[in-house]
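One structure is given below, encoded as structure tokens.
Coordinate-derived values only; no laboratory data. Fair warning: this is a prediction, and the values are worked out from it, not measured in the lab. Here the Cβ positions follow ideal geometry from the backbone for every residue, glycine too, while neighbour counts run over all protein chains shown.
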Amino acid sequence: MGLRMTKQNQLDKLKQECNSCQKCVLGSTRNNIVFSDGSAEAKILLIGEAPGADEDATGTPFVGRAGKLLTKLIEDCGFSRKDDFYICNTVKCRPPENRVPTNEEKALCEKYLLEQIKIVNPKVIVLCGATSAKSFLGDKIKISQIRGQWYKLFDGIDATVIFHPSYLLRNHSEAEGSPRWLTKQDLYKIKKISSR
Ligand code: SF4
């Protein structure tokens, strides 16, 4: 009987492959591949846009100012970022000047993302910000109109859209109805659905 690879083993193998990837132009300027953070066993898989400077320097997604805010919101809602989430991005290498990744770059990197989703097999996919949402729901979407709505992706995985924390950094209010308040409501709903 062959040895069964754990989810973590499978992800490690995929990351190794990704480490030498030069399929798109972003490969030539990156310092580090930013593959993922969190738990391979998580029920929630969160997909952000692309690595920024802090992420490129450390190889870990969502560690800069926006990432710290995301972590705080996650923890405020009673989650553990490390155990409850598997976190990745639409592309694994930083776009120069933090520009939005092109559709071509996203398409070339998609293989890794789809494989990550397949291996983790989450109960809930969280599309964090417009770039991530557009990858799955089409270029025409407007984040303000679809945030908080729920969709089915792949073979019926529940998926929803939340604001990107870099947008929340520019919106400090936590008053009822504010973007930060709405994001917390979204996270509470995500908690409820992921623990069903
Ligand atoms: S962004 Fe993705 S496709 Fe482009 S070089 Fe990096 S890993 Fe490869």
(message) Tell me whether region 126-133 contains one or more residues that are under 23 Å from Ala40 (Cβ atoms) and in a helix (DSSP H, G or I).
(response) yes
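Kindly provide the set of residues from region 8-37 that are of a type outside the set (A, V, I, L, M, F, W, C) and touching a Leu at 6+ places or on another chain (Cβ under 8 Å), ordered by number.
Within region 8-37, the subset of a type outside the set (A, V, I, L, M, F, W, C) is 8-10, 12-13, 15-17, 19-20, 22-23, 27-32, 36-37.
Matches in region 8-37: Lys23, Ser36.
Mind checking which residues of region 82-96 are of a type outside the set (Val, Ile, Thr) and either part of a strand (DSSP E or B) or buried (at least 20 other Cβ atoms within 10 Å of the Cβ) (or both)? Please lay out each step first, then the result.
Taking region 82-96 first, the residues of a type outside the set (Val, Ile, Thr) are 82-86, 88-89, 92-96.
Matches in region 82-96: Asp84, Phe85, Tyr86, Cys88, Asn89, Lys92, Cys93, Arg94, Pro95.
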(request) Could you identify the single residue in Asp76, Asp12, Asp54 that is within 22 Å of Gln185 (Cβ to Cβ) and among the acidic types (Asp, Glu)? (result) Asp76
(message) Which count do you get for residues in region 163-191 that are outside any helix (DSSP H, G or I) and touching a Lys or Arg at 6+ places or on another chain (Cβ under 7 Å)?
(response) 4
(message) Quick check on region 63-76. Is at least one of its residues within 12 Å of the ligand (Cβ to nearest atom), buried (at least 23 other Cβ atoms within 10 Å of the Cβ) and either under 14 Å from the mean Cα position of the chain (by Cα) or under 23 Å from Val161 (Cβ atoms) (or both)?
(response) no
(message) Just to verify a result, which residue in region 123-149, among those that are over 20 Å from Ile74 (Cα atoms) and within 14 Å of the chain's Cα centre (by Cα), is surrounded by the fewest Cβ atoms within 10 Å (Cβ to Cβ)?
(response) Phe136
(message) Can you tell me which residue is surrounded by the most Cβ atoms within 10 Å (Cβ to Cβ) among those in region 1-34 that are within 30 Å of Lys192 (Cα to Cα) and touching a residue at least 60 places away in the same chain (Cβ under 8 Å)?
(response) Val34
(request) Please work out which residue is farthest from the ligand (Cβ to nearest atom), limiting yourself to region 97-106 and to residues that are free of Cβ contacts under 8 Å to residues at least 40 places away in the same chain and surrounded by fewer than 15 Cβ atoms within 10 Å (Cβ to Cβ). (result) Glu97
